[in-house]
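Before any comments, here is the structure.
The values are calculated or read from the model by the stated rules, or taken from the named source; none is laboratory data. Predicted model, so just to flag it, every value in this text is computed and none were measured. Note that each Cβ is placed from the backbone with ideal geometry, even for glycine, and that neighbours are counted across all protein chains shown. Side chains are part of the model used for accessible areas, which takes the heavy atoms of the whole protein and leaves out ligands, DNA and RNA. Shrake-Rupley method; radii C 1.70, N 1.55, O 1.52, S 1.80 Å.
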Amino acid sequence: MALKLFNTMGKTLQEFKPITEGFCGFYGCGPTVYNYAHIGNLRAYVFLDILDKTLTYLGYKIKHVMNITDVGHLTGDGDDGEDKMKKSAEERHQSVLEVAKFYTDAFMKDIDALNIRHPDVICKATEHINEMIELIKQIEANGHTYMAGGNLYYDISTYPDYAKLANLNMDELKAGAGRRKVVVVDENKRNPGDFVLWFTKSKFEDQAMTWDSPWGRGYPGWHIECSAMSMKYLGKHFDIHTGGIDHVPVHHTNEIAQSEGSFDEQERAKGPWVNYWLHNEFLVIEGGNKMSKSSGNFLRLQSLLDKGYDALDYRLFLLGSHYRKQVYFSWDAMESAKNSRKALVNRTKAILDAAGGKEASDAELSAKAKEYLELFKADLENDLSTPQALSRLQMALKDSSLTPQETLTVINKMDSVLGLKLVEYAKKADSPVADDHAGDPEAKEIDALVQQRTEAKKAKDFALADKIRNDLAARGVIITDTPSGPTWKRQ
Ligand code: AMP
Ligand code: ZN
């Protein structure tokens, strides 16, 4: 099978064909660092990490680029409202750069806790103003812009494919109606769908950060940073662009208009700016409400940690749903993710012990073990189907026809994509079966005896091993040896 991805451009499942054989360049829209990321935002980065790790698993060399928006993102996705960074800086009595640094550091801490690999390039908007200005000059030279009221606008009527990504209705757009209903009317715009490439101080006198430009001193519109930085690091044509579903009708639509609007004849002939557009659906809280930073209605990763959850419980919770499905957050769902992860760690611990920590080599794998891995690969190739991939792991863990060494190999390979750190946590866990007996007051002591028996057997002290088994039997506790280690239950 080949990797198939659902492309928002065209809305079909398509076979992934990279521009360069064996290589995938991709860009994910990064955070706006005026506040903590909420757990909905973090869904976007767990999804991106699954894409990253899947491509690597499938043997691609990758270049993963992510921006940090530290300037220019207004409180709305359009051109109205205040600058989010400036507003936050005022509230905190700090400089905009201090705020940006604080929340960038907090974001990096969150993604580390979620075992998200750092993108190969993390680029800040404020460090790429020159690239943005150069790009805007090309867009201007191609006749897509006009100056009005001190700002430079992109005229969407000059770009014929503007409506393509989001299937927008151009007539509605012109009327400021439909999905992109215009709430605040900007008199300077020729078309309500037009957007600002460069703001000058004539509109925002008190803007915190401004730069010189051919259009006057000012600052960039939000959308231009992603066009400029992605092309700087990935070239004028690259494979995949990702973001949350909310970015389809405005941000990504505008990114395409800008990027392709900057192309000359030759570049246009080479094909689109981006070949595959992937979007994750939203995390919603019970009641169907959207979690959003600006509404203040949000949970941070820290909110989950404060309640005693591990960040990887949240990762597992997310992997249990396909990235293109809305997922409802609830504390009950977190509780069951926590229990599932514990069970996975416990199983891994039992297998690790039974395998003596030794993995089977690829050559030693049985047909059955290889089949699990093939099916797992097919799950990922089917538009990154993590729920299936997870259940594949669970099936392999339970399959007693695999040797513990084989199962360990299967765990390690699958977990290189799922990112649950199963072996690392299993090594830290003190008992393989403790959580299967939650509520049993003697569980800890029995676990310790079972563990002692395993060690006695390993040391070939069968007399001691038998004694422990018999003593426990006398207490009504029956040990069963499974290929993945011992389990026990009360009679
Ligand atoms: P922001 O920091 O607001 O620019 O958003 C960062 C990323 O999170 C973007 O890709 C958004 O599309 C995405 N996002 C925002 N809210 C949610 C949500 N509730 N669920 C999933 N993704 C979201
Ligand atoms: Zn972007």
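A few comments on the model shown:
- The set of residues in region 1-54 being of a type in the set (S, T, N, Q), more than 13 Å from ligand 1 (Cβ to nearest atom) and not in a strand (DSSP E or B) consists of Thr54 alone.
- Hey, Cys24 buried (at least 21 other Cβ atoms within 10 Å of the Cβ), away from ligand 2 (no atom under 16 Å from the Cβ) and at pLDDT 95 or above or not: yes
- Residue in region 258-272 that is within 25 Å of Val33 (Cα to Cα), within 14 Å of ligand 1 (Cβ to nearest atom) and crowded, with 17+ Cβ neighbours inside 10 Å present: no
- Screening Gly356 against (1) buried (at least 23 other Cβ atoms within 10 Å of the Cβ); (2) out of contact with any helix residue (DSSP H, G or I) (no Cβ under 7 Å at 6 or more places or on another chain) leaves a single unmet condition, (1).
- Check on Pro220, modelled with pLDDT of 90 or more, closer than 26 Å to Val274 by Cβ, of a type outside the set (D, E, K, R) and open to solvent by 10 Å² or more (accessible area, probe 1.4 Å): no
- Scanning region 402-426 for residues that are closer than 13 Å to Ala350 by Cα and either modelled with pLDDT under 95 or in a loop (DSSP other than H, G, I, E, B) (or both) gives a single hit, Thr403.
- Taking the listed residues Asn167, Asn191, the one that is under 30 Å from Lys290 (Cα atoms), away from ligand 2 (no atom under 16 Å from the Cβ) and either assigned to a strand (DSSP E or B) or open to solvent by 40 Å² or more (accessible area, probe 1.4 Å) (or both) is Asn167, with no other qualifying.
- Filter pass, Lys181 being under 30 Å from the mean Cα position of the chain (by Cα) and not small (Gly, Ala, Ser): yes
- Residue within region 199-215 that is within 19 Å of Asp70 (Cα to Cα), buried (at least 22 other Cβ atoms within 10 Å of the Cβ) and either touching a His at 6+ places or on another chain (Cβ under 7 Å) or in the same structural domain as Leu55 (by TED's automatic domain parsing) (or both) present: yes
- Qualifying residue in region 149-164 (condition: over 12 Å from Ala257 (Cα atoms) and in contact with a Gly (Cβ under 6 Å, 6 or more places away or on another chain)): no
- Qualifying residue in region 323-335 (condition: of a type in the set (Asp, Glu), surrounded by 19 or more Cβ atoms within 10 Å (Cβ to Cβ) and more than 21 Å from the chain's Cα centre (by Cα)): no
- Looking only at residues in region 81-96 that are under 15 Å from Tyr36 (Cα atoms) and without any contact (Cβ under 8 Å) to a residue 40 or more places away in the chain, the one that is most open to solvent (accessible area, probe 1.4 Å) is Glu91.
- Subset tally (residues that are within 16 Å of ligand 2 (Cβ to nearest atom) and in contact (Cβ under 8 Å) with a residue 40 or more places away in the chain) for region 205-228: 8
- Any hit, region 41-58, residues being among the small types (Gly, Ala, Ser), at pLDDT 95 or above and more than 16 Å from ligand 2 (Cβ to nearest atom): no
- Members of region 354-369 that are closer than 17 Å to Ser400 by Cβ and not in a loop (DSSP other than H, G, I, E, B): Ala354, Ala367, Lys368, Ala369
- Contacts under 7 angstrom Cβ, first residue in region 326-350 being assigned to a strand (DSSP E or B), partner not aliphatic (A, V, I, L, M), 6 or more apart: Val327/Ser321; Tyr328/Glu286
- One residue alone among Asp430, Asp435, Asp481 is in a helix (DSSP H, G or I) and modelled with pLDDT under 80, and that residue is Asp435.
- Across region 229-256, the number of residues qualifying as in contact (Cβ under 8 Å) with a residue 40 or more places away in the chain, away from ligand 1 (no atom under 11 Å from the Cβ) and open to solvent by 10 Å² or more (accessible area, probe 1.4 Å) comes to 8.
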